[in-house]
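Here is the structure we will look at.
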Amino acid sequence: MRVMKFGGTSVGDAARMRRVIELIEAAARHERVCLVASAVTGVTNLLVDATQRVAAGEDVSPFTDRFRSVHEQIVADLDGVLRAGDSDLLLGVIQTLTREFERLLQGVSLLREAPPLAIARVSSLGERASCAILAEIARARGLEPLLLDPSEYVIATGDPLEAVPDMERVRERWAPIRNGRERLILLPGFFAGDGDGRIVLLGRGGSDWSAAIAAAALDAALCEIWTDVDGIYSADPRLVPDAFPVSETSFEEAMELSYFGAKVLHPKTIQPARERGIPVAVRNSFAPEKPGTLVKNGAAPSPHGVRGLTLLRDVVLLNLTGSGMAGIPGVASRAFGALGEAGISAILISQASSECAISICVARKDGARAVIVLDKAFEAERRLTRVDDIEMRTGLAILSVVGDGMRTRVGSAGTFFDALAQIAVNVVAIAQGSNERSISAVIQEHDGERALRHAHHRFFGTPEALDLFVFGVGGVGTKLLHQIAAQRERLRARGVEVRITGIANSKAMVLDEKGLDPSFARDALTGPSARPVNLAQVAEFAAKQKLVTPVFVDCTANAELALRYGTVMDAGLHVVTANKIANSSSSAMYRELRRIARHKQRRFLYETNVGAGLPVIWTLQKLVNTGDRVVRIEGVLSGSMSYLMGRLEEGALMSHAVREAKEKGFTEPDPRDDLSGRDVARKVLILARETGIDIEPEQVVVEGVLPREIMEQGDVEEFFDALPKLDAEFAARMKDLKSKGQTLRFVGTIEEGRASVGLRAVDVDHPLSSIKGGENALAFLTEHYSPRPMVIRGYGAGAEVTAAGVLSDILSLADWGGA
Ligand code: ADP
Ligand code: ASP
Ligand code: MG
């Protein structure tokens, strides 16, 4: 005997119902089959909703019309499938059920209230209708189903909306069928009877439980739960795109997973099956060729130690605290006793070892009642101020990790909480199941999906997504996109998925949750999905998509954008920037950005602010963090000045060298922007701040290369015309220095709390004396690196190396730290 249960989507329309009967027919060739079915998808919601709305005064007919039309449509679509005359018969049944619905709603309307028994009876109509149709399809194919009435065969007691089967009586009632010969038995799911003819419910999603009850009552060899996904996944596939179906689980794991929110199985399903050792298979009715998941005794342990993760939403946390609680015997059991009596189930508890605080999670719908119940239970102690008033926290969710393997494997809890810390998710309470099969963290509901995805990535090594919002598609931005396009496969193979989720230039912006192809992302800016640039929308989008690692990437030199980093981090995005403006503005702003980054636990990365792709900031931070003391930093920090000074040393005239540098693209369009030293001053300022010096931009002493009267010549051409006036003076200076074994370099210096920029004569054995041709170099003289300084040298400008530096910052946000 095999039980086969089909959920709402699996019987969602006429074609799907036919597929169900085909699957049943195939199975029934080999063994007896009990088909358990849910209501047509959406119908139970309609029925429940109707009772509430009509109780609140709404009209009856829209609900009854909808109920009738959904089912009549299915019957109409079965035209040619059913036997002659059966369609009319079925339409008659639907008419009768609709009339019953109407009468019940009229009662509710009169009472202005929907009593539980009325809700139960109304709710049963969905399964009664779907099963009536399925029975006719089966008959048309020559099967003779025995249609059972659950109110007679599934006897259950307790809360009429969440009744519990009395298995002894159930087995008794099923005895004739268990021992009978019918090939096909058909049982509507979800509802039961109280033994006195009244209809009661097994709780929402309860058809799974009906199936397990039938399996236990029939001594079935297998209980199949056919649904709309490929089995039990490592996490809800709707929330975690990389979740995968697991091939088998133990009964205990399946129970724990469903208890903590894996909706694929009703949490009570496993119990009756486990008691009789009946394996439960979860399979996809849309892909019956797939193996599905088998829940059984002796399931092979998960190679990951952990079987799956769940997220249970809509919970509240009740805090029971009080200075006198330690002295009160049995606080926890009294609390549960009181909740239990009120029919409220505690989903999770966590008790501080001091016994001064107990936290209890209950479903949101039970929250307000639970507060009243607990306040009452501890009334006496509250009066004596030994126990405080119950405090309720709302807007929470429970994230759980489940696996038999956790008992024997150390480190699961570490991985779990580390994953949450990595993405700055605050943990409100923690609980570990007494069987060590699950660990749960109570977190803010709005963090739920991000946390679930990231924890899933950490446990199962599934790809980790970095969602980039790239601002600026000039030189650096474009190269960045090229590099991402070229590296993508390699990165994916290493577990990091880099997505271009947003792109913008000064005029337009495109946001795309699936990610744009980096090779064509720029084109999107002139395409139909382009919209005006709006940072608030980026933040909104990142929040709505529940992105785990959204990164704002600034490849512009735009001041306005730089001033918004604080807001961007505040909205939960990391910031990676090649733009120096934010770090080189007021020290108040510099401090504020770091404060927000710390507070929001977002990263603010700007390695390319100094020396482009060279690891300058990183090195300096490491030196400072390891307690080294910086004595002096000297650097050639401008590619154009490096080129220029090199040429002067080789004997070129100043006016020629500047023109050459401009022609080779080493300088800005107006070379005075480089010669003024302002850009180097910004870099020196940033480096000074990294060493801990609190300094304002105007405190950097800047001496430009050229005298004022030359710098202030009108336009670029006039400037070039005036330049030769300096040729002789510079040539003489170079010659003089050479004779003294020195050369001239444009150097940024930080020493004794001061920062300066200007021309310096350096000895030939100075590390900066050989820096020319566009190279950059920095010499860090520190307590540890003394008397020879640590030197970093290489090309420190250009779109390619800058983009590589930006990419390296981006990849450092991945879990693997870019290693
Ligand atoms: P049915 O109508 O067949 O009973 P349900 O909607 O009740 O189907 O349950 C199936 C749904 O459960 C899936 O579509 C999926 O979104 C959700 N689900 C949640 N957690 C899991 C999980 N761990 N594995 C598979 N499905 C899950
Ligand atoms: N139809 C019921 C519900 O939607 C039972 C079920 O589908 O399992 O809750
Ligand atoms: Mg279900």
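The values are calculated or read from the model by the stated rules, or taken from the named source; none is laboratory data. No experiment lies behind these values; they were computed from the predicted model shown. All Cβ positions, even for glycine, are placed from backbone atoms using ideal geometry, and neighbour counts span all protein chains on display.
Which of the residues belonging to segment 192-213 are within 15 Å of Ala37 (Cβ to Cβ) and within 15 Å of ligand 1 (Cβ to nearest atom)?
Scanning segment 192-213 gives Leu202, Gly205, Gly206, Ser207, Asp208, Trp209, Ser210, Ala211, Ala212.
Assuming Asp694 fulfils every condition listed in (1) surrounded by fewer than 19 Cβ atoms within 10 Å (Cβ to Cβ); (2) within 30 Å of Leu620 (Cα to Cα); (3) out of contact with any helix residue (DSSP H, G or I) (no Cβ under 6 Å at 6 or more places or on another chain); (4) not β-branched (Val, Ile, Thr) apart from one, which condition is it?
Asp694 satisfies all of (1) surrounded by fewer than 19 Cβ atoms within 10 Å (Cβ to Cβ); (2) within 30 Å of Leu620 (Cα to Cα); (3) out of contact with any helix residue (DSSP H, G or I) (no Cβ under 6 Å at 6 or more places or on another chain); (4) not β-branched (Val, Ile, Thr) except (3).
So which pairs qualify, if the first residue must be in segment 60-80 and surrounded by 13 or more Cβ atoms within 10 Å (Cβ to Cβ), the second must be modelled with pLDDT under 95, the Cβ gap must be under 8 Å, and the two must be at least 6 apart or on different chains?
Close Cβ pairs satisfying both conditions: Val75/Leu82; Val75/Ser87; Leu78/Ser87.
Do you know which residues across segment 217-261 are of a type in the set (Asp, Glu), more than 16 Å from ligand 2 (Cβ to nearest atom) and over 31 Å from the mean Cα position of the chain (by Cα)? Show your work before the answer.
Of the residues in segment 217-261, the ones of a type in the set (Asp, Glu) are 219, 224, 228, 230, 236, 242, 248, 252-253, 256.
Still in the running and more than 16 Å from ligand 2 (Cβ to nearest atom): 219, 230, 236, 242, 248, 252-253, 256.
Matches in segment 217-261: Asp219 only.
Would you point out which residue out of Val33, Val3, Val48 is within 16 Å of ligand 3 (Cβ to nearest atom), touching a residue at least 40 places away in the same chain (Cβ under 8 Å) and closer than 17 Å to Cys223 by Cα? Steps first, please.
Working: Val33 fails: within 16 Å of ligand 3 (Cβ to nearest atom); Val48 fails: closer than 17 Å to Cys223 by Cα.
Just a single option satisfies the conditions, and that option is Val3.
Can you tell me which residue among Ala273, Ala338, Ala326 is within 16 Å of ligand 3 (Cβ to nearest atom) and small (Gly, Ala, Ser)?
Numbers: Ala338 fails: within 16 Å of ligand 3 (Cβ to nearest atom); Ala326 fails: within 16 Å of ligand 3 (Cβ to nearest atom).
Of the residues listed, the single one that is within 16 Å of ligand 3 (Cβ to nearest atom) and small (Gly, Ala, Ser) is Ala273.
If a residue must be under 12 Å from Leu481 (Cβ atoms) and either of a type outside the set (Gly, Ala, Ser) or crowded, with 16+ Cβ neighbours inside 10 Å (or both), how many such residues does segment 516-546 contain? Quick ask: steps written out before the conclusion?
First pass over segment 516-546, keeping only residues under 12 Å from Leu481 (Cβ atoms): 516-525.
Filter once more, so that each one left must be either of a type outside the set (Gly, Ala, Ser) or crowded, with 16+ Cβ neighbours inside 10 Å (or both): 516-518, 520-525.
The number of residues fulfilling the criteria is 9.
Any residue at all in segment 402-418 that's within 20 Å of the chain's Cα centre (by Cα) and part of a strand (DSSP E or B)?
Of all residues in segment 402-418, those within 20 Å of the chain's Cα centre (by Cα) come to 402, 412-418.
Filter again for part of a strand (DSSP E or B), leaving 402.
Yes, some residue in segment 402-418 is within 20 Å of the chain's Cα centre (by Cα) and part of a strand (DSSP E or B).
Check off (1) over 24 Å from Ala217 (Cα atoms); (2) surrounded by fewer than 21 Cβ atoms within 10 Å (Cβ to Cβ); (3) not β-branched (Val, Ile, Thr) for Phe260 and give me the number that stays unchecked.
Failing condition for Phe260: (2).
I'm checking my understanding of the structure. Among residues of segment 1-20 that are under 36 Å from the mean Cα position of the chain (by Cα) and of a type in the set (Val, Ile, Thr), which one is farthest from ligand 1 (Cβ to nearest atom)? It would help to see each step written out before you state the result.
Applying the first criterion (under 36 Å from the mean Cα position of the chain (by Cα)) to segment 1-20 yields 4-13, 15-17, 19-20.
If we keep only those that are of a type in the set (Val, Ile, Thr) as well, we get 9, 11, 20.
Details: Thr9: 5, Val11: 9, Val20: 11 Å.
Result: Val20.
Mind counting the residues in segment 764-803 that are among the small types (Gly, Ala, Ser), touching a helix residue (DSSP H, G or I) at 6+ places or on another chain (Cβ under 9 Å) and within 14 Å of Val616 (Cβ to Cβ)?
Counting residues in segment 764-803 that are among the small types (Gly, Ala, Ser), touching a helix residue (DSSP H, G or I) at 6+ places or on another chain (Cβ under 9 Å) and within 14 Å of Val616 (Cβ to Cβ) gives 4.
Among the numbered criteria (1) under 12 Å from Lys772 (Cβ atoms); (2) buried (at least 22 other Cβ atoms within 10 Å of the Cβ); (3) touching a helix residue (DSSP H, G or I) at 6+ places or on another chain (Cβ under 6 Å), which one does Pro671 miss?
(1)
What are the pairs, 6+ residues apart or on separate chains, where a residue within segment 218-241 that is at positive phi has its Cβ under 7 Å from a residue that is within 13 Å of ligand 3 (Cβ to nearest atom)?
Correct list of pairs: Gly231/Val282.
Could you please tell me which pairs satisfy a Cβ distance under 8 Å, a separation of 6+ or placement on different chains, a first residue in segment 778-801 that is on the phi > 0 side of the Ramachandran plot, and a second residue that is crowded, with 18+ Cβ neighbours inside 10 Å and of a type outside the set (A, V, I, L, M)?
Gly794/Gly611; Gly794/Gly613; Gly794/Glu775; Gly794/Asn776; Gly798/Gly639
Looking only at segment 376-401, filter to residues that are hydrophobic (A, V, I, L, M, F, W, C) and in a loop (DSSP other than H, G, I, E, B); which one of those is farthest from the chain's Cα centre (by Cα)? Walk me through how you get there before you give the answer.
We begin by selecting, within segment 376-401, every residue hydrophobic (A, V, I, L, M, F, W, C); these are 377-378, 380, 384, 387, 390, 392, 396-399, 401.
Then keep just the ones that are in a loop (DSSP other than H, G, I, E, B); that gives 378, 384, 387, 390.
Numbers: Phe378: 40, Leu384: 46, Val387: 38, Ile390: 32 Å.
Result: Leu384.
Test of understanding: among Arg2, Arg18, Arg29, which residue is of a type in the set (D, E, K, R) and buried (at least 18 other Cβ atoms within 10 Å of the Cβ)? Please lay out each step first, then the result.
Numbers: Arg18 fails: buried (at least 18 other Cβ atoms within 10 Å of the Cβ); Arg29 fails: buried (at least 18 other Cβ atoms within 10 Å of the Cβ).
The match here is Arg2.
Would you pick out the residues in segment 88-103 that are touching a residue at least 40 places away in the same chain (Cβ under 8 Å) and in contact with a helix residue (DSSP H, G or I) (Cβ under 7 Å, 6 or more places away or on another chain)?
Initial filter on segment 88-103 (touching a residue at least 40 places away in the same chain (Cβ under 8 Å)): 89-90, 101-102.
Answer for segment 88-103, where residues must be touching a residue at least 40 places away in the same chain (Cβ under 8 Å) and in contact with a helix residue (DSSP H, G or I) (Cβ under 7 Å, 6 or more places away or on another chain): Leu90, Phe101, Glu102.
Condition test on Pro303, is it surrounded by fewer than 17 Cβ atoms within 10 Å (Cβ to Cβ) and either more than 17 Å from Gly405 (Cβ to Cβ) or touching a Gly at 6+ places or on another chain (Cβ under 8 Å) (or both)?
no
Out of curiosity, is Phe251 in contact (Cβ under 8 Å) with a residue 40 or more places away in the chain and more than 30 Å from Ile119 (Cβ to Cβ)? Break it down stepwise before answering.
On the way: in contact (Cβ under 8 Å) with a residue 40 or more places away in the chain: yes; more than 30 Å from Ile119 (Cβ to Cβ): yes.
Yes.
Return the pair list, or none, for Cβ contacts closer than 7 Å from residues in segment 428-443 that are free of Cβ contacts under 8 Å to residues at least 60 places away in the same chain to residues that are basic (Lys, Arg), at least 6 apart or on different chains.
Final answer for the pair search is Glu436/Arg407.
Within segment 106-139, which residues are aliphatic (A, V, I, L, M) and under 42 Å from the mean Cα position of the chain (by Cα)? Write out each step before concluding.
Of the residues in segment 106-139, the ones aliphatic (A, V, I, L, M) are 108, 110-111, 114, 117-120, 122, 125, 129, 132-135, 137-138.
Ala114, Leu117, Ala118, Ile119, Ala120, Val122, Leu125, Ala129, Ile133, Leu134, listed by residue number.
Testing Leu318 on (1) in a loop (DSSP other than H, G, I, E, B); (2) surrounded by 20 or more Cβ atoms within 10 Å (Cβ to Cβ), one condition comes back false. Which one is that?
Looking at each condition in turn, Leu318 falls short on (1).
It is to be established whether one or more residues within segment 38-49 are more than 16 Å from ligand 2 (Cβ to nearest atom), closer than 21 Å to Arg204 by Cβ and under 39 Å from the mean Cα position of the chain (by Cα).
First, pick out the residues of segment 38-49 that are more than 16 Å from ligand 2 (Cβ to nearest atom): none.
No; the residues of segment 38-49 include none that is more than 16 Å from ligand 2 (Cβ to nearest atom), closer than 21 Å to Arg204 by Cβ and under 39 Å from the mean Cα position of the chain (by Cα).
When you check Ala273 against the structure, is it more than 11 Å from ligand 1 (Cβ to nearest atom), among the aliphatic types (A, V, I, L, M), farther than 30 Å from Ala175 by Cβ and over 22 Å from the mean Cα position of the chain (by Cα), yes or no?
Values: more than 11 Å from ligand 1 (Cβ to nearest atom): yes; among the aliphatic types (A, V, I, L, M): yes; farther than 30 Å from Ala175 by Cβ: no; over 22 Å from the mean Cα position of the chain (by Cα): yes.
Judged against the criteria, Ala273 is not a match.
Go through segment 195-312 and tell me which strands (runs of 3 or more DSSP E), entirely inside it, have 2 or more residues that are at pLDDT 95 or above and closer than 23 Å to Asp159 by Cβ.
On the way: elements: 199-201, 222-227, 280-284, 293-295.
Here the list reads 199-201.
Here are the criteria: (1) in contact (Cβ under 8 Å) with a residue 40 or more places away in the chain; (2) of a type in the set (D, E, K, R); (3) farther than 30 Å from Ser585 by Cα. Tell me which single one Glu717 does not satisfy.
(1)
Those residues that are touching an Asp or Glu at 6+ places or on another chain (Cβ under 9 Å), more than 16 Å from ligand 2 (Cβ to nearest atom) and of a type in the set (A, V, I, L, M, F, W, C), I need them from segment 180-216; list them, please.
Selection gives Leu184, Ala216.
Please list, ordered by first then second residue, the pairs with beta carbon atoms under 6 Å, 6 or more apart or interchain, first in segment 284-308 and without any contact (Cβ under 8 Å) to a residue 60 or more places away in the chain, second surrounded by fewer than 22 Cβ atoms within 10 Å (Cβ to Cβ).
Close Cβ pairs (under 6 Å, with a partner that is surrounded by fewer than 22 Cβ atoms within 10 Å (Cβ to Cβ)) amount to Asn284/Asp230; Asn284/Lys290; Leu294/Pro279; Leu294/Ala281; Lys296/Pro279.
From Arg334, Arg313, which residue is in contact (Cβ under 8 Å) with a residue 40 or more places away in the chain and touching a Phe, Trp or Tyr at 6+ places or on another chain (Cβ under 8 Å)? Don't jump to the end; show me each part of the working.
On the way: Arg313 fails: touching a Phe, Trp or Tyr at 6+ places or on another chain (Cβ under 8 Å).
Being in contact (Cβ under 8 Å) with a residue 40 or more places away in the chain and touching a Phe, Trp or Tyr at 6+ places or on another chain (Cβ under 8 Å) holds for just one of Arg334, Arg313, which is Arg334.
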